[in-house]
1. Starting from the stretch 54-71, take each residue that is over 14 Å from ALA88 (Cα atoms) and list its partners that are assigned to a helix (DSSP H, G or I) and not β-branched (Val, Ile, Thr), counting only C-beta distances under 8 angstrom and pairs at least six apart or across chains.
2. Within the stretch 111-141, track down each residue that is over 8 Å from the mean Cα position of the chain (by Cα) and of a type in the set (Gly, Ala, Ser).
3. For the stretch 60-102, how many residues are farther than 22 Å from GLU160 by Cβ, loosely packed, with under 11 Cβ neighbours inside 10 Å and of a type in the set (Ser, Thr, Tyr)?
4. Might you let me know whether the stretch 30-51 holds any residue that is in contact with an Asp or Glu (Cβ under 6 Å, 6 or more places away or on another chain) and at pLDDT below 85?
5. Out of the stretch 7-56, which residues are under 24 Å from the mean Cα position of the chain (by Cα), exposed (fewer than 12 other Cβ atoms within 10 Å of the Cβ) and part of a loop (DSSP other than H, G, I, E, B)?
6. Quick one: which residue in PRO115, PRO119 is in a loop (DSSP other than H, G, I, E, B), within 30 Å of ASP167 (Cβ to Cβ) and of a type outside the set (Asp, Glu)?
7. Which of (1) surrounded by 12 or more Cβ atoms within 10 Å (Cβ to Cβ); (2) more than 30 Å from LEU191 (Cβ to Cβ) does PRO116 not meet, given it meets every other one?
8. Suppose we keep only residues that are under 12 Å from the mean Cα position of the chain (by Cα) and either of a type in the set (A, V, I, L, M) or outside the structural domain of THR185 (by TED's automatic domain parsing) (or both) within the stretch 142-158. Which one would you say is nearest to ASP75 (Cα to Cα)?
Amino acid sequence: MLQEAEAVPTRLTWDNETGIGRGKLTDPAAAFAGTLGTQIKLLKARDPESKGMVERMNRFFRSRFMSGRAFTSPDDFNQQLAGWLPIANNRLSRSRRRRLGDLVRIDRAAMRGLPPMVPEVMFRNSVRLPRDYYVRALSNDYSVDPTMIGRVVDVAASLERVTVHHDRVRIAEHRRKWARQLTVTDPAHVLRAAELRAQFQAQRARRPTITAVVEMASLARYDELFSVDIDAAPTVLAVAS
């Protein structure tokens, strides 16, 4: 939204939700705000009045834009929204006695421009690839080339793509899913895992069987150590009365 508007407001408002911090901004969120030169205000819990304008706008979108529409993907949603906004912004606001498009241009003129440096908006993490050859990014699991099992890989997620690199070489790429708790699998990774499994089983079948031979110690050696004469030893124990 900021890139499309080509302007940065003096303050951004965030509801009392996890993600960028609750009570205190996370380090990535603070760096994002610092790069833009803006302030992120975390709202208090159970304080709907502090974001009443946002809630009214969301209610307007649900009733005027989303009602009666069907969306096949986030891209489809954004495309339909982009086609609907010019029509909605051309309507006259009775309370402000101006068209919404004119009000948007006034707001943009009061904002500062975008910084020369683009802020970091990527999710990044480095993990050791487990045996199931999946990595987790933003609550979803994405498959990786199984030949990298046991090695440290770098996971990065943007708004559109999830990529995995090892030693700066890309080993997996997926389209990011916006739903939660999904498993995204590349069919090529499944085929590669089957090949590796077949190779391991073939090597195990060709491996020679080794029979362990355990040497039994002779009890006569203990007789020699303790000077015991088996032939002279009594066969019946006498019990003193």
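The values are calculated or read from the model by the stated rules, or taken from the named source; none is laboratory data. Every value quoted in this text rests on a predicted model; they were computed, and no experiment measured them. Positions of Cβ are backbone-derived with ideal geometry, glycine not excepted, and every protein chain shown enters the neighbour counts.
1. GLU55/PRO48; ARG69/GLN80; PHE71/PHE77; PHE71/GLN80
2. If the condition is that a residue be over 8 Å from the mean Cα position of the chain (by Cα) and of a type in the set (Gly, Ala, Ser), then GLY113, SER126 are the ones that fit.
3. 3
4. Filtering the stretch 30-51 down to residues in contact with an Asp or Glu (Cβ under 6 Å, 6 or more places away or on another chain) leaves 43.
Then keep just the ones that are at pLDDT below 85; that gives 43.
Within the stretch 30-51 (the criterion being in contact with an Asp or Glu (Cβ under 6 Å, 6 or more places away or on another chain) and at pLDDT below 85), the answer is yes, since at least one residue qualifies.
5. Passing the criteria: GLU17, THR18, GLY19, GLY23, LYS24.
6. On the way: PRO115 fails: within 30 Å of ASP167 (Cβ to Cβ).
Testing whether each residue is in a loop (DSSP other than H, G, I, E, B), within 30 Å of ASP167 (Cβ to Cβ) and of a type outside the set (Asp, Glu) leaves just PRO119.
7. Only one criterion is unmet by PRO116, namely (1).
8. The residue in question is ALA157.
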